[in-house]
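**Q** First, the structure itself, so that you have it in front of you.
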Amino acid sequence: MSILTKKIYITLSLIFIIRMGNFIPIPNVNQSQLVNLLNSNYSLKAFFNGENIVLSLFSLGILPSINASILMQLLVNLIPNLAYSQKEEGASGRTRIKQYTRYLTFLIAILQSLSITLSIRSILFNWNLGICFQMTLALTTGSMLVLWLSDLITENGIGNGSSLVITLNILSTLPNTLKTIIVSTNNFNFLANFLSFTSLIIGIIYLQEAVKVIPLISAKQLMQFENKKQKRIRSNSYLPLKLNQGGVMPIIFSSTVLTIFTVVSNYLLNIFPNLSIVNNSPIMSLLYGVINFSLIVGFSLFYSTLIINPKELAKELNKMTIGIPKIRPGKQTEIYLKKTITRLGLLGAIFLGILVTIPNIRSSYGFGITSLLILVGVTFDIARQIQALLLSEIY
């Protein structure tokens with residue numbers, strides 16, 4: 001059995017276990033009343049995916065791990081000791097950061113499990129502190145099991161485990177979405193949707209895969225060219241900078257802030273019913289779109305500076321005696337990289353904001369932009385890993 005075949009079998013087996021866990025219901029819950037509760041409680045919808053809405057053992061899924069990873073990335077850039085562990089201590093430091101992330105995941109899972117348990121109190125068959133503890137324990141345990149299984153996929157299977165779990169939740173709605181689109185549209189609308197959807201996918205692929213290539217040259221090559229008095233320096237080494245450094249993280253940040261905004265606005269509407277006229281007006285929809293666009297652009301720019309630090313990158317290039325043609329090493333390289341990263345981040349942020357704020361995306365295709373970004377990213381990642389494994393077997 002080849003390495004690729006073995007990895008595929010492991011991945012499919014772990015995926016089967018994760019999917020089965022999504023259909024193991026939590027006891028003491030009136031599942032038939034869950035849909036009505038979700039329609040009245042917007043904040044609960046983030047924990048449920050797919051057409052078959054069941055409060056199951058794996059309902060929390062990988063969401064606490066994602067929130068913990070985002071929060072840990074922010075803490076690493078704010079706390080010097082964590083930044084030192086990640087950058088200077090090598091594998092041991094990264095292992096320590098990963099362990100802290102798991103502890104934080106456990107804490108977030110407990111808080112989210114408890115909030116779900118308290119939110120669905122009205123549809124429970126019975127209620128006491130013991131049942132509250134049991135449900136919180138079950139949801140937290142399920143979330144940690146999903147984290148463990150996703151780590152096994154990352155280490156022994158194909159693709160990133162966390163991204164693959166999210167992709168599975170997205171794809172679980174695909175059959176019903178295709179059925180709805182085919183049944184509810186005529187030939188002309190179907191063709192128009194197909195062409196616009198194809199254009200949207202092409203735009204997302206460009207956003208995800210576009211890079212700016214910065215040529216690099218070593219001090220040894222520079223000396224050789226100077227000795228030969230060459231007028232033009234040719235480099236075979238490059239520094240690729242992605243157009244969209246943050247991926248879907250800016251959208252997740254924006255969604256979190258907008259969820260809080262929606263909950264607060266709904267609370268104000270309950271206190272002041274006269275504001276419902278303003279809430280249903282086109283001005284409110286426009287304001288929501290402007291806030292969403294601004295948050296995505298702002299978070300994209302902020303996240304690009306977290307991923308790539310121009311000062312550290314310039315320092316590492318200087319240590320390796322590698323420079324950029326026509327740019328002096330040190331401070332000038334740092335300024336050049338900072339300006340380039342800022343321009344790329346701004347361009348990618350505007351492009352991402354435009355894609356996300358296109359109206360009626362979900363109602364037309366059944367998928368949001370975040371889902372499409374994840375699907376495209378995971379597909380390309382799996383394709384690269386399969387290609388690398390095939391090449392390694394050939395060699």
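**Q** Name the single residue, out of those in the range 74-109 being β-branched (Val, Ile, Thr) and surrounded by fewer than 17 Cβ atoms within 10 Å (Cβ to Cβ), that is nearest to Val54 (Cα to Cα).
**A** The extreme case among them is Thr95.
**Q** Give all pairs with beta carbons closer than 8 Å in which a residue from the range 14-36 that is over 19 Å from Asn169 (Cα atoms) meets a residue that is among the aromatic types (Phe, Trp, Tyr); count only pairs at least 6 apart in sequence or on separate chains.
**A** Once the first residue is over 19 Å from Asn169 (Cα atoms) and sits in the range 14-36, its partners that are among the aromatic types (Phe, Trp, Tyr) give Asn28/Phe125; Val29/Phe125; Asn30/Phe125.
**Q** Does Thr140 satisfy being hydroxyl-bearing (Ser, Thr, Tyr), loosely packed, with under 13 Cβ neighbours inside 10 Å and either closer than 22 Å to Leu375 by Cβ or modelled with pLDDT of 90 or more (or both)?
**A** No, not satisfied.
**Q** Something else: Just wondering, is there one or more residues in the range 219-228 that are modelled with pLDDT of 75 or more and polar (S, T, N, Q)?
**A** No, because not a single residue in the range 219-228 is modelled with pLDDT of 75 or more and polar (S, T, N, Q).
**Q** Right, next: Kindly indicate which of Gly348, Gly353, Gly377 is touching a Phe, Trp or Tyr at 6+ places or on another chain (Cβ under 6 Å), at pLDDT 75 or above and either among the hydroxyl-bearing types (Ser, Thr, Tyr) or assigned to a helix (DSSP H, G or I) (or both).
**A** Gly353
**Q** Just give me the residues in the range 315-361 being over 30 Å from Ser371 (Cα atoms), buried (at least 19 other Cβ atoms within 10 Å of the Cβ), in contact (Cβ under 8 Å) with a residue 24 or more places away in the chain and not charged (D, E, K, R), in sequence order.
**A** Answer for the range 315-361, where residues must be over 30 Å from Ser371 (Cα atoms), buried (at least 19 other Cβ atoms within 10 Å of the Cβ), in contact (Cβ under 8 Å) with a residue 24 or more places away in the chain and not charged (D, E, K, R): Leu317, Ile322, Gly323, Ile324, Leu337.
**Q** (1) modelled with pLDDT under 85; (2) surrounded by 13 or more Cβ atoms within 10 Å (Cβ to Cβ); (3) assigned to a helix (DSSP H, G or I): which one isn't true of Lys179, the others all being true?
**A** Of the numbered conditions (1) modelled with pLDDT under 85; (2) surrounded by 13 or more Cβ atoms within 10 Å (Cβ to Cβ); (3) assigned to a helix (DSSP H, G or I), the odd one out for Lys179 is (2).
**Q** Residues that are at pLDDT 80 or above and either β-branched (Val, Ile, Thr) or farther than 28 Å from Asn77 by Cβ (or both): find the helices (runs of 4 or more DSSP H) completely inside the range 266-333 holding 2 or more of those.
**A** Details: elements: 276-279, 282-307, 310-319.
Counting at least 2 such residues, we get 282-307.
**Q** Here is a follow-up. Are any residues in the range 183-211 of a type in the set (Gly, Ala, Ser), closer than 24 Å to Thr379 by Cβ and more than 21 Å from the chain's Cα centre (by Cα), and if so, which ones?
**A** Answer for the range 183-211, where residues must be of a type in the set (Gly, Ala, Ser), closer than 24 Å to Thr379 by Cβ and more than 21 Å from the chain's Cα centre (by Cα): Ser196, Ser199.
The values are calculated or read from the model by the stated rules, or taken from the named source; none is laboratory data. Just so it is clear, the model here is predicted, and its values are computed rather than measured. Positions of Cβ are backbone-derived with ideal geometry, glycine not excepted, and every protein chain shown enters the neighbour counts.
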